Amino acid sequence: MYIKKIILVGLFMGSQLLDGKSLSFQHHDWQVVCDNTYTCRIAGYSSDEEEENRISVLLTRKAGARTKTTAKIQLALYDESDEKLFKKFPSVFKLEMLINGKSYGLVSMKNSDSIASLSEKQTDALLASLRQSSDIVWKYKKYQWRLSDEGSTAVLLKADEFQKRLHTRTAFYKKGIQSEKNVLQPKAVPVIYAQTVEDDKALTIKDKAYIEKLTDGLRGEDCFDADYDADFTFYALSPSQLVATKLAWRAAYNSSYCSWVINKKEPFNPQDAIEGDYYVNEKKMGIVSNNQKWRGLGDCWSYEEYVWTGKTFEQSSVGSTGLCRLIAGGGAWNLPTFVSKVKVK
(Lines give C-alpha, C1' and ligand atoms only; values in the text may rest on other atoms or scores of the structure.)
Protein backbone atom coordinates (compact mmCIF):
# COMPACT_ATOMS: atom_id res chain seq x y z
CA MET A 1 0.00 0.00 0.00
CA TYR A 2 1.29 3.47 -0.82
CA ILE A 3 1.12 4.79 2.75
CA LYS A 4 3.96 2.42 3.62
CA LYS A 5 5.98 3.97 0.82
CA ILE A 6 5.51 7.43 2.34
CA ILE A 7 6.85 6.26 5.71
CA LEU A 8 9.80 4.41 4.25
CA VAL A 9 10.79 7.32 2.01
CA GLY A 10 10.50 9.75 4.89
CA LEU A 11 12.63 7.69 7.23
CA PHE A 12 15.20 6.09 4.99
CA MET A 13 15.59 7.85 1.66
CA GLY A 14 18.42 9.75 3.14
CA SER A 15 21.42 7.50 3.21
CA GLN A 16 22.58 9.05 -0.05
CA LEU A 17 22.45 12.18 -2.16
CA LEU A 18 19.03 13.09 -3.50
CA ASP A 19 19.45 13.72 -7.25
CA GLY A 20 23.04 14.79 -6.53
CA LYS A 21 21.93 18.22 -5.33
CA SER A 22 20.69 17.65 -1.79
CA LEU A 23 21.25 15.24 1.07
CA SER A 24 19.20 13.46 3.72
CA PHE A 25 20.93 11.12 6.17
CA GLN A 26 20.08 9.72 9.60
CA HIS A 27 22.10 7.76 12.13
CA HIS A 28 20.67 6.84 15.54
CA ASP A 29 19.46 10.10 17.18
CA TRP A 30 20.90 12.51 14.63
CA GLN A 31 20.13 13.54 11.06
CA VAL A 32 21.46 15.93 8.45
CA VAL A 33 19.43 17.44 5.62
CA CYS A 34 21.08 19.66 3.00
CA ASP A 35 19.01 21.60 0.47
CA ASN A 36 19.53 22.71 -3.13
CA THR A 37 21.40 25.87 -2.02
CA TYR A 38 23.82 23.51 -0.21
CA THR A 39 22.80 24.76 3.24
CA CYS A 40 22.96 21.89 5.74
CA ARG A 41 20.69 21.55 8.77
CA ILE A 42 21.64 19.04 11.43
CA ALA A 43 19.13 17.95 14.06
CA GLY A 44 19.86 15.96 17.19
CA TYR A 45 17.40 14.63 19.73
CA SER A 46 17.06 13.04 23.11
CA SER A 47 17.36 9.28 23.10
CA ASP A 48 14.33 7.60 21.56
CA GLU A 49 13.79 5.84 24.89
CA GLU A 50 13.46 9.17 26.73
CA GLU A 51 9.85 9.47 27.90
CA GLU A 52 9.93 12.95 29.42
CA ASN A 53 11.92 16.19 29.27
CA ARG A 54 12.82 15.62 25.64
CA ILE A 55 14.97 18.08 23.70
CA SER A 56 16.15 18.71 20.16
CA VAL A 57 19.01 20.77 18.73
CA LEU A 58 19.20 22.34 15.26
CA LEU A 59 22.58 23.29 13.76
CA THR A 60 22.55 25.29 10.53
CA ARG A 61 25.57 25.88 8.30
CA LYS A 62 25.53 27.48 4.86
CA ALA A 63 27.92 26.44 2.11
CA GLY A 64 31.03 28.45 1.36
CA ALA A 65 34.33 29.31 3.04
CA ARG A 66 34.51 30.78 6.55
CA THR A 67 30.82 30.24 7.27
CA LYS A 68 29.64 30.07 10.87
CA THR A 69 27.24 27.57 12.35
CA THR A 70 24.18 28.69 14.29
CA ALA A 71 22.41 26.57 16.88
CA LYS A 72 18.96 26.43 18.44
CA ILE A 73 17.48 24.21 21.10
CA GLN A 74 13.84 23.22 21.45
CA LEU A 75 12.32 21.69 24.57
CA ALA A 76 9.47 19.27 24.02
CA LEU A 77 6.08 20.94 24.22
CA TYR A 78 3.99 18.23 22.66
CA ASP A 79 1.52 16.75 25.12
CA GLU A 80 -0.34 17.56 28.35
CA SER A 81 2.56 16.48 30.56
CA ASP A 82 4.88 18.91 28.76
CA GLU A 83 2.32 21.71 29.06
CA LYS A 84 1.84 20.96 32.75
CA LEU A 85 5.60 21.20 33.31
CA PHE A 86 5.88 24.51 31.44
CA LYS A 87 3.13 26.04 33.57
CA LYS A 88 5.58 25.81 36.48
CA PHE A 89 8.06 28.06 34.67
CA PRO A 90 8.02 31.86 34.41
CA SER A 91 7.33 33.55 31.05
CA VAL A 92 11.10 33.81 30.51
CA PHE A 93 13.47 31.37 32.21
CA LYS A 94 17.17 30.57 31.91
CA LEU A 95 18.59 27.12 31.26
CA GLU A 96 22.13 26.24 32.26
CA MET A 97 24.10 24.45 29.57
CA LEU A 98 26.28 21.64 30.96
CA ILE A 99 28.72 19.44 29.05
CA ASN A 100 30.36 16.66 31.04
CA GLY A 101 29.42 18.54 34.18
CA LYS A 102 31.05 21.82 33.09
CA SER A 103 28.85 24.90 32.77
CA TYR A 104 28.78 26.83 29.51
CA GLY A 105 26.51 29.61 30.66
CA LEU A 106 22.82 30.30 30.46
CA VAL A 107 20.30 30.12 27.64
CA SER A 108 17.28 32.41 27.85
CA MET A 109 14.01 30.86 26.74
CA LYS A 110 10.45 32.12 26.43
CA ASN A 111 7.78 29.92 27.91
CA SER A 112 5.53 30.54 24.90
CA ASP A 113 7.55 28.78 22.18
CA SER A 114 10.17 26.60 23.97
CA ILE A 115 12.85 27.51 21.38
CA ALA A 116 16.06 29.44 22.09
CA SER A 117 19.31 30.29 20.30
CA LEU A 118 22.75 29.38 21.58
CA SER A 119 25.59 31.88 21.65
CA GLU A 120 28.60 31.45 19.39
CA LYS A 121 30.70 30.13 22.31
CA GLN A 122 27.98 27.70 23.34
CA THR A 123 27.64 26.51 19.75
CA ASP A 124 31.39 25.91 19.50
CA ALA A 125 31.37 24.00 22.78
CA LEU A 126 28.46 21.87 21.64
CA LEU A 127 30.15 21.04 18.33
CA ALA A 128 33.36 20.07 20.11
CA SER A 129 31.43 17.78 22.45
CA LEU A 130 29.69 16.03 19.56
CA ARG A 131 33.00 14.82 18.16
CA GLN A 132 33.35 12.46 21.11
CA SER A 133 31.23 10.73 23.72
CA SER A 134 29.75 13.47 25.93
CA ASP A 135 27.06 14.11 28.51
CA ILE A 136 25.10 17.13 27.21
CA VAL A 137 22.40 18.62 29.42
CA TRP A 138 20.34 21.79 29.75
CA LYS A 139 19.08 22.35 33.27
CA TYR A 140 16.52 24.56 35.00
CA LYS A 141 16.27 24.14 38.75
CA LYS A 142 15.64 20.42 39.35
CA TYR A 143 14.60 19.75 35.75
CA GLN A 144 17.01 18.69 33.03
CA TRP A 145 16.90 17.83 29.32
CA ARG A 146 19.59 15.48 28.01
CA LEU A 147 20.72 15.45 24.37
CA SER A 148 21.86 12.14 22.92
CA ASP A 149 25.26 11.98 21.23
CA GLU A 150 24.49 8.67 19.52
CA GLY A 151 25.01 9.12 15.79
CA SER A 152 26.38 12.65 15.93
CA THR A 153 29.84 11.91 14.55
CA ALA A 154 28.49 10.06 11.51
CA VAL A 155 26.10 12.89 10.74
CA LEU A 156 28.74 15.60 11.19
CA LEU A 157 31.06 13.70 8.88
CA LYS A 158 28.32 13.33 6.25
CA ALA A 159 27.68 17.10 6.34
CA ASP A 160 31.40 17.81 5.90
CA GLU A 161 31.59 15.42 2.97
CA PHE A 162 28.60 17.04 1.27
CA GLN A 163 29.97 20.57 1.66
CA LYS A 164 33.52 19.39 0.79
CA ARG A 165 35.03 20.59 4.06
CA LEU A 166 36.98 17.54 5.17
CA HIS A 167 40.32 18.49 6.77
CA THR A 168 39.58 22.24 6.63
CA ARG A 169 39.27 24.59 9.60
CA THR A 170 35.49 24.80 9.21
CA ALA A 171 34.94 21.03 9.18
CA PHE A 172 32.65 19.72 11.91
CA TYR A 173 34.46 16.47 12.46
CA LYS A 174 37.79 15.92 10.69
CA LYS A 175 39.34 19.37 11.08
CA GLY A 176 42.60 20.28 9.41
CA ILE A 177 44.58 23.06 7.78
CA GLN A 178 43.72 22.42 4.15
CA SER A 179 42.67 25.42 2.08
CA GLU A 180 38.96 26.13 1.74
CA LYS A 181 39.28 26.98 -1.96
CA ASN A 182 37.53 23.73 -2.89
CA VAL A 183 34.73 24.02 -0.35
CA LEU A 184 31.30 23.76 -1.96
CA GLN A 185 30.06 27.26 -2.78
CA PRO A 186 26.49 28.32 -1.99
CA LYS A 187 23.98 28.16 -4.78
CA ALA A 188 21.40 30.90 -5.27
CA VAL A 189 17.82 30.24 -4.27
CA PRO A 190 15.89 29.59 -7.50
CA VAL A 191 13.11 32.03 -8.30
CA ILE A 192 9.74 30.76 -9.50
CA TYR A 193 7.34 33.21 -11.11
CA ALA A 194 3.80 32.27 -10.21
CA GLN A 195 0.77 33.23 -12.28
CA THR A 196 -2.39 34.22 -10.44
CA VAL A 197 -5.47 32.14 -11.20
CA GLU A 198 -8.96 33.14 -12.28
CA ASP A 199 -10.95 32.02 -9.25
CA ASP A 200 -10.63 30.02 -6.05
CA LYS A 201 -14.11 28.51 -6.31
CA ALA A 202 -14.77 25.08 -7.74
CA LEU A 203 -16.40 25.04 -11.15
CA THR A 204 -19.93 23.74 -11.54
CA ILE A 205 -19.95 21.47 -14.60
CA LYS A 206 -23.24 19.72 -15.26
CA ASP A 207 -22.45 18.25 -18.66
CA LYS A 208 -21.54 14.63 -17.79
CA ALA A 209 -20.38 13.84 -21.32
CA TYR A 210 -17.94 16.78 -21.16
CA ILE A 211 -16.64 15.60 -17.79
CA GLU A 212 -16.04 12.14 -19.18
CA LYS A 213 -14.03 13.58 -22.06
CA LEU A 214 -12.02 15.80 -19.71
CA THR A 215 -11.16 12.96 -17.36
CA ASP A 216 -10.63 10.23 -19.93
CA GLY A 217 -7.21 8.73 -19.26
CA LEU A 218 -6.78 10.35 -15.83
CA ARG A 219 -7.20 7.04 -14.02
CA GLY A 220 -5.05 4.02 -13.39
CA GLU A 221 -1.36 4.11 -12.51
CA ASP A 222 -0.90 7.70 -13.64
CA CYS A 223 -1.12 8.84 -10.01
CA PHE A 224 -0.92 5.83 -7.70
CA ASP A 225 -4.43 4.57 -6.82
CA ALA A 226 -6.25 7.27 -8.77
CA ASP A 227 -9.09 4.84 -9.51
CA TYR A 228 -10.21 5.39 -5.91
CA ASP A 229 -13.98 5.89 -5.88
CA ALA A 230 -14.17 9.69 -5.69
CA ASP A 231 -15.44 12.48 -7.91
CA PHE A 232 -13.27 14.98 -9.75
CA THR A 233 -13.33 18.63 -8.75
CA PHE A 234 -12.44 21.32 -11.29
CA TYR A 235 -10.99 24.83 -10.91
CA ALA A 236 -10.22 27.47 -13.53
CA LEU A 237 -6.54 28.26 -13.96
CA SER A 238 -6.77 30.51 -17.01
CA PRO A 239 -9.20 31.23 -19.86
CA SER A 240 -7.95 28.10 -21.61
CA GLN A 241 -6.87 25.72 -18.83
CA LEU A 242 -8.27 24.15 -15.71
CA VAL A 243 -7.08 21.81 -12.98
CA ALA A 244 -8.83 18.57 -12.07
CA THR A 245 -8.24 17.16 -8.60
CA LYS A 246 -9.34 13.84 -7.14
CA LEU A 247 -8.90 11.82 -3.96
CA ALA A 248 -6.42 9.05 -4.78
CA TRP A 249 -6.37 7.10 -1.52
CA ARG A 250 -7.23 7.38 2.14
CA ALA A 251 -5.58 5.54 5.04
CA ALA A 252 -5.75 5.64 8.83
CA TYR A 253 -4.23 9.11 9.28
CA ASN A 254 -3.26 10.21 5.78
CA SER A 255 -4.94 10.82 2.47
CA SER A 256 -3.63 11.87 -0.89
CA TYR A 257 -4.99 13.65 -3.93
CA CYS A 258 -3.95 13.79 -7.57
CA SER A 259 -4.12 16.92 -9.72
CA TRP A 260 -3.96 17.33 -13.49
CA VAL A 261 -3.75 20.41 -15.76
CA ILE A 262 -6.15 20.07 -18.72
CA ASN A 263 -7.11 22.26 -21.65
CA LYS A 264 -10.75 23.38 -21.45
CA LYS A 265 -11.33 22.52 -25.11
CA GLU A 266 -10.18 19.69 -27.31
CA PRO A 267 -7.48 18.59 -27.61
CA PHE A 268 -7.56 18.34 -23.81
CA ASN A 269 -3.91 17.19 -23.55
CA PRO A 270 -3.78 16.49 -19.79
CA GLN A 271 -0.36 17.01 -18.24
CA ASP A 272 1.24 14.37 -16.05
CA ALA A 273 -0.40 13.93 -12.68
CA ILE A 274 0.95 15.70 -9.61
CA GLU A 275 0.42 14.12 -6.21
CA GLY A 276 -1.33 16.66 -4.02
CA ASP A 277 -4.50 18.63 -3.47
CA TYR A 278 -5.19 21.97 -5.14
CA TYR A 279 -6.01 25.24 -3.39
CA VAL A 280 -5.64 29.00 -3.93
CA ASN A 281 -3.69 31.02 -1.37
CA GLU A 282 -4.24 34.60 -0.22
CA LYS A 283 -2.13 35.94 -3.10
CA LYS A 284 -4.38 34.21 -5.65
CA MET A 285 -1.65 31.71 -6.50
CA GLY A 286 -2.71 28.20 -7.44
CA ILE A 287 -0.99 25.64 -5.21
CA VAL A 288 -0.81 21.86 -5.24
CA SER A 289 0.20 20.66 -1.79
CA ASN A 290 0.98 17.22 -0.43
CA ASN A 291 1.55 16.92 3.34
CA GLN A 292 1.87 13.52 4.99
CA LYS A 293 2.19 12.43 8.61
CA TRP A 294 4.91 9.87 9.21
CA ARG A 295 2.79 8.50 12.05
CA GLY A 296 -0.58 9.15 13.67
CA LEU A 297 0.86 11.14 16.58
CA GLY A 298 1.52 14.02 14.17
CA ASP A 299 4.98 14.91 15.50
CA CYS A 300 6.74 14.33 12.17
CA TRP A 301 5.66 15.26 8.64
CA SER A 302 6.86 15.40 5.07
CA TYR A 303 5.72 18.13 2.69
CA GLU A 304 5.85 18.99 -0.99
CA GLU A 305 4.39 21.98 -2.82
CA TYR A 306 3.97 23.14 -6.43
CA VAL A 307 2.89 26.56 -7.77
CA TRP A 308 1.06 27.44 -10.98
CA THR A 309 3.32 29.32 -13.43
CA GLY A 310 0.78 29.87 -16.19
CA LYS A 311 1.88 26.79 -18.07
CA THR A 312 2.32 24.08 -15.47
CA PHE A 313 2.75 23.44 -11.75
CA GLU A 314 6.40 23.85 -10.78
CA GLN A 315 7.82 22.36 -7.61
CA SER A 316 8.55 25.08 -5.05
CA SER A 317 9.40 23.23 -1.83
CA VAL A 318 10.18 19.75 -0.49
CA GLY A 319 11.16 18.72 3.00
CA SER A 320 10.25 17.28 6.36
CA THR A 321 9.95 18.32 10.00
CA GLY A 322 12.56 15.95 11.38
CA LEU A 323 12.48 12.67 13.29
CA CYS A 324 9.46 11.37 15.18
CA ARG A 325 10.53 12.27 18.72
CA LEU A 326 7.47 13.94 20.30
CA ILE A 327 9.08 17.39 20.36
CA ALA A 328 6.16 19.38 18.97
CA GLY A 329 2.84 18.85 17.28
CA GLY A 330 3.41 19.34 13.56
CA GLY A 331 7.11 18.53 13.94
CA ALA A 332 10.17 20.07 15.52
CA TRP A 333 12.01 21.78 12.64
CA ASN A 334 11.78 22.71 8.98
CA LEU A 335 14.35 20.58 7.15
CA PRO A 336 14.01 21.26 3.42
CA THR A 337 15.75 19.44 0.60
CA PHE A 338 14.44 21.94 -1.93
CA VAL A 339 13.75 25.66 -1.38
CA SER A 340 12.73 28.44 -3.74
CA LYS A 341 11.55 32.03 -3.77
CA VAL A 342 8.12 32.45 -5.30
CA LYS A 343 7.19 35.74 -6.93
CA VAL A 344 3.88 36.68 -8.52
CA LYS A 345 4.11 37.72 -12.16
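The values are calculated or read from the model by the stated rules, or taken from the named source; none is laboratory data. Bear in mind that the values here come from a model prediction, so they are computed numbers and not experimental data. Methodologically, a virtual Cβ is constructed for each residue, glycine included, from the backbone with ideal geometry; neighbour enumeration extends over all protein chains shown.
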message: Being touching a Leu at 6+ places or on another chain (Cβ under 9 Å), closer than 30 Å to Glu83 by Cβ and surrounded by fewer than 21 Cβ atoms within 10 Å (Cβ to Cβ): is that true of Leu323 here?
response: no
Sole miss for Val57 among (1) under 28 Å from Pro190 (Cβ atoms); (2) in contact with a strand residue (DSSP E or B) (Cβ under 8 Å, 6 or more places away or on another chain) is condition (1)
Per the filter on the stretch 327-345, residues out of contact with any Ser or Thr (no Cβ under 7 Å at 6 or more places or on another chain) and surrounded by 23 or more Cβ atoms within 10 Å (Cβ to Cβ) are Ala328
With criteria (1) under 21 Å from Ser129 (Cα atoms); (2) in contact with a strand residue (DSSP E or B) (Cβ under 6 Å, 6 or more places away or on another chain), Ala194 comes up short on (1)
Selection from the stretch 245-264 of residues touching a strand residue (DSSP E or B) at 6+ places or on another chain (Cβ under 8 Å), touching a residue at least 40 places away in the same chain (Cβ under 8 Å) and not in a strand (DSSP E or B) yields Tyr253, Asn254
Can you find a residue that is part of a helix (DSSP H, G or I) and more than 21 Å from Pro267 (Cα to Cα) anywhere in the stretch 225-235? no
The condition of being out of contact with any Pro (no Cβ under 7 Å at 6 or more places or on another chain), modelled with pLDDT of 95 or more and of a type outside the set (Ser, Thr, Tyr) holds, among Gly44, Gly10, Gly20, Gly14, only for Gly44
The strands (runs of 3 or more DSSP E) lying entirely within the stretch 81-141 that contain at least 2 residues which are among the aromatic types (Phe, Trp, Tyr) and either modelled with pLDDT of 95 or more or farther than 26 Å from Phe172 by Cβ (or both) are 136-140
Per the filter on the stretch 33-63, residues buried (at least 21 other Cβ atoms within 10 Å of the Cβ), among the polar types (S, T, N, Q) and either under 13 Å from Asn334 (Cβ atoms) or under 15 Å from the mean Cα position of the chain (by Cα) (or both) are Thr39, Ser56
